[in-house]
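Heads up, the thing below is written out as structure tokens.
The values are calculated or read from the model by the stated rules, or taken from the named source; none is laboratory data. Quantities reported herein were computed from a predicted structural model and do not represent experimental measurements. Neighbour counts run over all protein chains shown; Cβ positions are idealised from the backbone, glycine included.
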Amino acid sequence: MCIIEIVHAPVLNKGGSTLQNPYLPYPVRIDEIITETEDKNLKTFKFVFLNPEDEDKFAYRAGQFAELSVTGKGEIPIGIASSPTEKGFVKFTVNKVGLVSTFLHNMKEGDIMGLRGPMGNSYPWDNLEGKNVVIIGGGFAFTTLRSSIIYMLDPANRSKFKDIHVIYGARTPGMLLYEDELKAWEARDDIHMNITVDGTDDPDWKYNIGFVPTITEQKAPPADPDTYAIICGPPIMIKFTQPVLDNLGYGHNQIIMSLENRMKCGIGMCGRCNIGKEFVCKDGPVFTLDELNKTPKEY
């Protein structure tokens, strides 16, 4: 009898992480659930690895994503909201929009599920050291931007970056994520926070009113060789923010975008997320605008 041994070779993704079996999720426990928005459709899940050694294997960088796996229901790709500087847990903010996310929203603290990843590339942190960083986010896409802000503000990292500007908007005050952290960041003197909403009747609202592209035009610093912009948000926000940055003089190699494009498998095998020859899940989700200009206009 001939015995054939099948060996799963390690897979190295662009984030630098090694996956021994890219289809096998790590078991995690829901440690905490936070309802983020007034419509209750956005919840942040704090996961703890059942096996402590799995946390070391799940080595990620700000900007990457992972697949949240629910047995019998499926899995969904979600950007990692926690920072690699936060130890002992990993966070994801999930919008209730489909079967898996709805089931996850109905789960309880203490429930067990799976986490597959990390996947994709990250924001180019080595290239951003010594630079000014402008964070531009809208809606629930602010998750990987939260990860990035926490990462840059960590005492071990803050001196690596120059000025940090944040422009973050939502439809209404009740739809803003991470309310306590927004207030804490605003109170600091080493980060410039610009929070905005599309509109509000709240007489106590003390921040900006206006769409993210408009506030970007008003508040973003002008371009120079040491200033880079990171954008993550709904396609319509990105569409109207790009010309604003063009007018401010940002080169397309200085505009960094994080895309979501029908991702499914997370490792470039199913072919659902390609833009030309690029796979968003494997070659991205982070691209410079210069890189995207070389692809078909599908994003």
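Which of the residues belonging to the range 220-241 are surrounded by fewer than 19 Cβ atoms within 10 Å (Cβ to Cβ) and closer than 21 Å to T144 by Cβ?
If we filter the range 220-241 for residues that are surrounded by fewer than 19 Cβ atoms within 10 Å (Cβ to Cβ), which is where we start, we get 221-222, 224-226, 234-236, 239-240.
Answer for the range 220-241, where residues must be surrounded by fewer than 19 Cβ atoms within 10 Å (Cβ to Cβ) and closer than 21 Å to T144 by Cβ: P234, P235, I236, K239, F240.
Any residue that is of a type in the set (F, W, Y) and part of a loop (DSSP other than H, G, I, E, B) - is there at least one of those in the range 159-166?
Step one: of the range 159-166, the residues of a type in the set (F, W, Y) are 161.
Still in the running and part of a loop (DSSP other than H, G, I, E, B): 161.
So far as the range 159-166 goes, yes, one or more of its residues are of a type in the set (F, W, Y) and part of a loop (DSSP other than H, G, I, E, B).
Every condition in (1) touching a residue at least 12 places away in the same chain (Cβ under 8 Å); (2) in a loop (DSSP other than H, G, I, E, B); (3) at negative phi is met by P155 except one, and the failing one is (1).
Restricting attention to the range 50-68, the residues that are under 12 Å from the mean Cα position of the chain (by Cα) and either of a type in the set (G, A, S) or exposed (fewer than 14 other Cβ atoms within 10 Å of the Cβ) (or both) total 3.
Being free of Cβ contacts under 8 Å to residues at least 60 places away in the same chain and part of a helix (DSSP H, G or I) is true for just one of L182, L145. Which residue is that? Write out each step before concluding.
Working: L145 fails: free of Cβ contacts under 8 Å to residues at least 60 places away in the same chain.
Only one candidate qualifies: L182.
Kindly indicate which of G110, G98, G88 is among the small types (G, A, S), surrounded by fewer than 22 Cβ atoms within 10 Å (Cβ to Cβ) and closer than 30 Å to R188 by Cα. Break it down stepwise before answering.
Details: G110 fails: closer than 30 Å to R188 by Cα; G98 fails: closer than 30 Å to R188 by Cα.
The conditions single out G88.
Residue pairs whose Cβ atoms lie under 6 Å apart, sitting 6 or more positions apart in sequence or on different chains, and linking a residue in the range 51-66 that is assigned by TED's automatic domain parsing to the domain that holds P25 and within 26 Å of E260 (Cβ to Cβ) to a partner that is surrounded by fewer than 21 Cβ atoms within 10 Å (Cβ to Cβ) and polar (S, T, N, Q), are A59/S17.
Within the range 226-242, being at pLDDT below 95 and more than 11 Å from G138 (Cα to Cα) holds for K239, F240, Q242.
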